[in-house]
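Accompanying notes for the structure given below.
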Amino acid sequence: MGVEGVEPHLERPRDPSHGDWATNLAMTLAGRLRRAPRQIAEEIRDRFDLGAAGVASLDVAGPGFINFRLSGGAVAEGLAEIVGADVAWGRSDAGAGRPIVVEWVSANPTGPLHAGHGRQAALGDAVCTLLEWTGWSVHREFYYNDSGTQMERLADSVWARYQQLLGEEAEIPEGGYQGEYVKEIAADFRAEHGDGFRGRRDDEALDAMRRFAVAALRGVQDRDLAEFRVRFDHFFLESSLYDDGLVDQTVARLRETGLVFEEDGATWLRTTEFGDDKDRVMLRGNGTPTYFLPDVAYHVTKWERGFHDAINVQGADHHGTVARVRAGLQALGLPEGYPEYVLHQMVRVERDGQEVKFSKRAGSYTTLRDLVDAVGVDVTRYFFLMRKAEGHLVFDLDAALDRSDKNPVYKVQYAHARMHSIFAKAGVDPGSIDPAEADLERLVDSHERELIQRLVEFPEVITRAADGRAPHLLCDYLEHTAGAVNAWYHAGNPGRNPELAVLVDDAPLRAARLVLARAVMIVLRNGLTLLGLTAPTRMERADDTP
RNA sequence: GCGCCCGUAGCUCAGCUGGAUAGAGCGUCGGCCUCCGGAGCCGAAGGUCAGAGGUUCGAAUCCUCUCGGGCGCACCA
């Protein structure tokens, strides 16, 4: 038609009456060809070879859309592919095995993980899994500060509680940690070390308490994360950067750039050279490094360890550090935009419409453990993942406690379990299903068509969620797919519409529907496990509560 | 004051990177099922996409400004 270099863009119409696929090709061409979009669309339609592409019909609609309707055979192919791929359905190799480091949680050992950490734990983990499913070689890392002023305050806090246990007058200092857990640590410390530190406020005493507290709190965090099904390949200690001389080395390298200067007694880096708002102090007046320096040194190790792709998942309250860290890295020759950041907003926990702040353990904030104890790991993870990271998240405990289909987690899990119960009732092993033995063109009901389309779309959803670092897209997909599954299932209520039931008397039709049920099972299970949730084969009856 | 994020149904949120009549869950209302209740099923109402300009065949989506909310702006981390 006299145009070149055009990439037709196919999309899935929202409205099923618009066919299985649609393209806006004619409209995008209208400007270049100086002709009416509909006229172009009609010409394309007339030139199209239907049979060769597995297309049953092709219509021009609206302002110039071309709508495709697939032939039954092409639809059936999709189902066969799903069942054939099974646990691999949804995986792709776009990442080509390239290494990428994802850093997240990175909580300092100063207290139990709170709800915000929980959101980040779930988010980072899901991003990692999405990357793995799209072919990346993912390294999971947790960075934490085990020295510095926060640790001193922690030691001071334990010291004060310890003295109080011995009946001495002592107070937690300004900026110290008031939570109940500090008392427990002090008591455990006393049980192990005795009363010998009574009144002793020397380096030996504080050091012992700091080390004890860090070990205890790391233990608590590890336990909570493990129970939350989040694991890491490596815990990176800030102190190791000093021990290994990497902080000094970073100072030396930065000095070579000529971007370092002295002012007001401190040593600065001209980060404004790379778009930062202001220049940053790297060495204080007393010669000690600011947080900025080890942070840069740490990210240099990521690069030098071979991770030329890196993602940091952080709370949005830390977004101020992004520009300065990147600037420091650019000064050392690393590329602009390294590392990539995924920032998430805060979490607000609500019950009865009121914010819940109290925690027995932590006092002024709700912990991850509080949530898991209240509603379980599956629900907690899903609730953290179902909202896009950059928006605020209201964790509604009432909604989370709901055990019915209204709770999106159970809605998806119910749909999965339902497929299993169908197979159980049929006395058929789901693993034995062979699409080649079924006449899939019998699946013509509108519920079935819509469902098949959704199932076929699964790999695209994963790709989009991975590319956008957006697990919520997968939650959204699963919830809507579960809705389509339930609609299909309910439409075939044997009491009302036995001809639409999966287990119809018509044996060939039943075989075809079992293939669809099997494909549903595969997609829901893969989606749930990808998000770190269980895919139960049966649901507990919620009749154990009065 | 400057920077980043957010603003979509009463509430909580999607909206596939610019497409067709803006969707879902909860809540509300109506009907059905049912052993009281809870739950379940079907359906309905509900919108100035914060506001105003702009870009173009087309804007919730991209650009500018305004308003409103959150978070940052350390020789803390």
Among the residues in the range A:526-536, are any surrounded by 21 or more Cβ atoms within 10 Å (Cβ to Cβ) and more than 14 Å from the chain's Cα centre (by Cα)? yes
Every residue in the range A:316-344 that is under 15 Å from A:Val296 (Cα atoms) and of a type in the set (A, V, I, L, M), please. A:Val322, A:Ala323, A:Val325, A:Ala327, A:Leu329, A:Ala331, A:Leu332, A:Leu334
What are the residue pairs meeting all of these: first residue in the range A:75-92, first residue open to solvent by 30 Å² or more (accessible area, probe 1.4 Å), second residue aromatic (Phe, Trp, Tyr) and in a helix (DSSP H, G or I), Cβ atoms under 6 Å, and 6 or more apart or on different chains? A:Arg91/A:Trp133
With criteria (1) away from RNA strand B (no atom under 16 Å from the Cβ); (2) at pLDDT below 95; (3) over 18 Å from A:Pro408 (Cβ atoms); (4) buried (at least 16 other Cβ atoms within 10 Å of the Cβ), A:Asp506 comes up short on (4)
Every residue in the range A:173-230 that is within 27 Å of A:Gly118 (Cβ to Cβ), open to solvent by 60 Å² or more (accessible area, probe 1.4 Å) and among the aliphatic types (A, V, I, L, M), please. A:Ala215, A:Ala226
I'm trying to understand the selection: among the residues of the range A:43-68, which are surrounded by 16 or more Cβ atoms within 10 Å (Cβ to Cβ) and more than 13 Å from A:Gly19 (Cβ to Cβ)? A:Ile44, A:Gly64
If you check A:Glu441 against the conditions, is it modelled with pLDDT under 90 and more than 16 Å from RNA strand B (Cβ to nearest atom)? yes
So, of the residues in the range A:258-299 that are within 9 Å of RNA strand B (Cβ to nearest atom) and among the charged types (D, E, K, R), which turns out to be surrounded by the fewest Cβ atoms within 10 Å (Cβ to Cβ)? A:Asp264
Every listed condition ((1) of a type in the set (A, V, I, L, M, F, W, C); (2) touching a residue at least 60 places away in the same chain (Cβ under 8 Å); (3) open to solvent by less than 50 Å² (accessible area, probe 1.4 Å)) holds for A:Val444 save (3)
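Among the residues of the range A:479-502, how many are within 9 Å of RNA strand B (Cβ to nearest atom) and surrounded by fewer than 20 Cβ atoms within 10 Å (Cβ to Cβ)?
Residues in the range A:479-502 being within 9 Å of RNA strand B (Cβ to nearest atom) and surrounded by fewer than 20 Cβ atoms within 10 Å (Cβ to Cβ): 10 in total.
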For A:Glu132, work out the one condition from (1) outside the structural domain of A:Asp202 (by TED's automatic domain parsing); (2) touching a residue at least 40 places away in the same chain (Cβ under 8 Å) it doesn't fulfil. (2)
For A:Asp476: the one exception among (1) among the acidic types (Asp, Glu); (2) without any contact (Cβ under 8 Å) to a residue 60 or more places away in the chain; (3) within 16 Å of RNA strand B (Cβ to nearest atom): (2)
A:Leu113: open to solvent by less than 10 Å² (accessible area, probe 1.4 Å), at pLDDT 95 or above and not assigned by TED's automatic domain parsing to the domain that holds A:Asp467, yes or no? no
Looking at the range A:275-290, can you tell me whether even one residue there is assigned to a helix (DSSP H, G or I) and touching a residue at least 12 places away in the same chain (Cβ under 8 Å)? no
With the condition being within 11 Å of RNA strand B (Cβ to nearest atom), open to solvent by 20 Å² or more (accessible area, probe 1.4 Å) and farther than 29 Å from A:Leu474 by Cβ, I'd like the helices (runs of 4 or more DSSP H) fully within the range A:300-413 carrying at least 1 qualifying residues. A:320-331
Name, by its number, the condition in (1) farther than 21 Å from A:Val412 by Cα; (2) open to solvent by 50 Å² or more (accessible area, probe 1.4 Å); (3) modelled with pLDDT under 90 that does not hold for A:Asp467. (3)
Filter the range A:421-438 down to residues that are in a helix (DSSP H, G or I) and crowded, with 18+ Cβ neighbours inside 10 Å, then give me how many there are. 4
Can you say whether A:Gly118 is away from RNA strand B (no atom under 14 Å from the Cβ), open to solvent by less than 40 Å² (accessible area, probe 1.4 Å), small (Gly, Ala, Ser) and in contact with a helix residue (DSSP H, G or I) (Cβ under 9 Å, 6 or more places away or on another chain), as far as the supplied structure shows? yes
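Only one of A:Gly376, A:Gly483, A:Gly431 is outside the structural domain of A:Pro498 (by TED's automatic domain parsing) and at pLDDT below 95. Can you tell me which? Lay out the reasoning, then the answer.
Values: A:Gly483 fails: outside the structural domain of A:Pro498 (by TED's automatic domain parsing); A:Gly431 fails: outside the structural domain of A:Pro498 (by TED's automatic domain parsing).
Matching residue, one of A:Gly376, A:Gly483, A:Gly431: A:Gly376.
The values are calculated or read from the model by the stated rules, or taken from the named source; none is laboratory data. It should be emphasised that the depicted structure is a prediction, and the values quoted were computed from it without experimental measurement. Every residue, glycine as well, gets a Cβ built from its backbone with ideal geometry; the counts of neighbours run over all protein chains shown. These accessible areas exclude ligands, DNA and RNA; they are computed on the full protein's heavy atoms, side chains included. Shrake-Rupley method; radii C 1.70, N 1.55, O 1.52, S 1.80 Å.
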